[in-house]
Amino acid sequence: AVCLDGSPPAYHWHPGTGSGSRNWIVFLEGGAWCSDHASCAQRARTSFGSSDLMDRQTRFLGILSNSAQENPDFYNWNRVKVKYCDGASFTGNVNTTVTVAFDSDSQQALGLMYRGEKIWKAVISDLLSKGMSDAEMALLGGCSAGGLAATLHCSSFKELLPRTTYVKCVSDGGYFLDAKDIAGNFSFRSFFKDVVDIHNARENLPEACVAEHDAQCFFPQYVAPHIHVPIFFVNPAYDVWQIQNIFIPDAADPDRKWTTCKYNPYVCSQDQLSVLQGFRMEFLKAVEYVRGVDQSGLFIDSCFSHCQLEGLTWNTNTIGNKTIREAFGDWYFARGGSSYKSIDCPYPCNPTCIKWTSWRH
């Protein structure tokens, strides 16, 4: 089990105390994907491909915070953040080392290791040896590519834990859509297929799903029917990462008519906003299956945002008088029922949204 560059996997852990000492959150870090040897070689020389380059410490915020005020339900749990260093949402499974013959910066060959699935199993095994084998309650979560990883590994997480452990999962900003871009192409579908191919990830996707949808099982909308553990999806209907990369990728906008709008949605024209309303409708269609599953949860707000569990948004973004923190806690602990589905009215109806500040990936 190694990162892309061969360094060992890593995680940050804040041990639980008191009533939370036998409860665990395992949260998988996000950070996009690499879809060919060249992009994976670049990634191998960053903290998303090598534990040698990772920060020794990190701040735990939102759902990972140890503040009883900020995080009353989980503040004293064992909280673990698993670092993301494989480039395929912890699904890669290539047993040999792939040599990239020419690495232009250093003029050297680089050996790449696509072992995300082994990282996943090794980290869980290590945590089991550190006390998670006695877990009473457990939660697997993640943001973005980590939210997708939590979706893909939700069933496996339950299987690896004791049968008596109460287990649920959460995906934060990880419900990536299999949707046409504004030029009418499924460009992200072919990107995900490249990720699945190069990392040999198919065998770590549900067999019945792969038989029907092949590499599209990397998309949550196809894999959701194969998850039999309660899972909660927190996602904005106007996910800015998806707007920028799935719905309006640069290749679909050669005249750059969307550049300003997609990086600062508050300045979009009325025509552009109506196109974004179309993306919201696509998104709602894609979560239709989840809406019908009794044990599942949905919090689909109308904010321009991406991940929302680890920052201020945990306690601010609200639908129907419930913050994400309150809605998720009620669902996890089944306070008022095992199902929770909340879908916001369309933008710009929600005054609680924290204003998105533009960034580029």
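The values are calculated or read from the model by the stated rules, or taken from the named source; none is laboratory data. All figures in this text were calculated on a predicted structure; none of them were measured in a lab. Every residue, glycine as well, gets a Cβ built from its backbone with ideal geometry; the counts of neighbours run over all protein chains shown.
State all residues of segment 320-351 that are surrounded by fewer than 20 Cβ atoms within 10 Å (Cβ to Cβ) and of a type in the set (A, V, I, L, M); if no residue qualifies, say none.
Selection gives A334, I343.
Look through D294, D301, D344 and report the one residue that is among the acidic types (D, E) and at pLDDT below 95. Working first, answer last.
Numbers: D301 fails: at pLDDT below 95; D344 fails: at pLDDT below 95.
Sole residue among the options that is among the acidic types (D, E) and at pLDDT below 95: D294.
For residues that are buried (at least 20 other Cβ atoms within 10 Å of the Cβ), closer than 30 Å to Y332 by Cβ and out of contact with any strand residue (DSSP E or B) (no Cβ under 8 Å at 6 or more places or on another chain), tally how many sit in segment 244-285.
Counting residues in segment 244-285 that are buried (at least 20 other Cβ atoms within 10 Å of the Cβ), closer than 30 Å to Y332 by Cβ and out of contact with any strand residue (DSSP E or B) (no Cβ under 8 Å at 6 or more places or on another chain) gives 1.
Of the residues T58, T91, T46, only one is in contact (Cβ under 8 Å) with a residue 40 or more places away in the chain, assigned to a loop (DSSP other than H, G, I, E, B), among the β-branched types (V, I, T) and surrounded by fewer than 23 Cβ atoms within 10 Å (Cβ to Cβ); which? I'd like the intermediate steps shown before the answer.
Details: T91 fails: surrounded by fewer than 23 Cβ atoms within 10 Å (Cβ to Cβ); T46 fails: in contact (Cβ under 8 Å) with a residue 40 or more places away in the chain.
After ruling out the rest, the residue left standing is T58.
Is one or more of the residues making up segment 134-142 farther than 24 Å from Y75 by Cα, surrounded by 24 or more Cβ atoms within 10 Å (Cβ to Cβ) and of a type outside the set (D, E)?
Our first condition is that a residue be farther than 24 Å from Y75 by Cα; within segment 134-142, this holds for none.
So far as segment 134-142 goes, no, none of its residues is farther than 24 Å from Y75 by Cα, surrounded by 24 or more Cβ atoms within 10 Å (Cβ to Cβ) and of a type outside the set (D, E).
Would you confirm whether or not segment 149-158 contains a residue that is part of a helix (DSSP H, G or I), in contact with a strand residue (DSSP E or B) (Cβ under 7 Å, 6 or more places away or on another chain), of a type in the set (S, T, N, Q) and farther than 15 Å from H37 by Cβ?
Residues of segment 149-158 that are part of a helix (DSSP H, G or I), as a first pass: 149-158.
From what is left, the residues that are in contact with a strand residue (DSSP E or B) (Cβ under 7 Å, 6 or more places away or on another chain) are 149-151, 153-154, 157-158.
From what's left, of a type in the set (S, T, N, Q): 151.
Now narrow it down to the ones that are farther than 15 Å from H37 by Cβ: 151.
Yes, the conditions are met somewhere in segment 149-158.
Can you run down the residue pairs with Cβ atoms below 8 Å, 6 or more apart or on separate chains, where the first is in segment 164-191 and part of a strand (DSSP E or B) and the partner is of a type in the set (D, E, K, R)?
So the pair list comes out as Y166/E136; V167/K158; D172/E310.
Quick one: which of G111, G116 is more than 28 Å from G20 (Cα to Cα) and within 23 Å of the chain's Cα centre (by Cα)?
On the way: G111 fails: within 23 Å of the chain's Cα centre (by Cα).
Exactly one residue qualifies, and that residue is G116.
Need the failing condition index for K341 against (1) closer than 24 Å to G31 by Cβ; (2) touching a helix residue (DSSP H, G or I) at 6+ places or on another chain (Cβ under 7 Å), just the number.
So the condition that K341 fails would be (1).
Can you tell me which residue in segment 72-88 is nearest to the chain's Cα centre (by Cα), limited to those that are surrounded by fewer than 24 Cβ atoms within 10 Å (Cβ to Cβ), touching a residue at least 60 places away in the same chain (Cβ under 8 Å) and part of a loop (DSSP other than H, G, I, E, B)?
K83
Got a number for residues in segment 38-81 being within 10 Å of I25 (Cβ to Cβ) and touching a Leu at 6+ places or on another chain (Cβ under 6 Å)?
2
On the given criteria, is T313 among the hydroxyl-bearing types (S, T, Y), within 20 Å of F328 (Cβ to Cβ) and either surrounded by 22 or more Cβ atoms within 10 Å (Cβ to Cβ) or free of Cβ contacts under 8 Å to residues at least 12 places away in the same chain (or both)?
Working: among the hydroxyl-bearing types (S, T, Y): yes; within 20 Å of F328 (Cβ to Cβ): yes; either surrounded by 22 or more Cβ atoms within 10 Å (Cβ to Cβ) or free of Cβ contacts under 8 Å to residues at least 12 places away in the same chain (or both): yes.
Against the criterion (among the hydroxyl-bearing types (S, T, Y), within 20 Å of F328 (Cβ to Cβ) and either surrounded by 22 or more Cβ atoms within 10 Å (Cβ to Cβ) or free of Cβ contacts under 8 Å to residues at least 12 places away in the same chain (or both)), T313 qualifies.
Looking at I124, I63, which one is β-branched (V, I, T), surrounded by 23 or more Cβ atoms within 10 Å (Cβ to Cβ), touching a strand residue (DSSP E or B) at 6+ places or on another chain (Cβ under 8 Å) and not in a loop (DSSP other than H, G, I, E, B)? Give the derivation first.
On the way: I124 fails: surrounded by 23 or more Cβ atoms within 10 Å (Cβ to Cβ).
Of I124, I63, the one residue that is β-branched (V, I, T), surrounded by 23 or more Cβ atoms within 10 Å (Cβ to Cβ), touching a strand residue (DSSP E or B) at 6+ places or on another chain (Cβ under 8 Å) and not in a loop (DSSP other than H, G, I, E, B) is I63.
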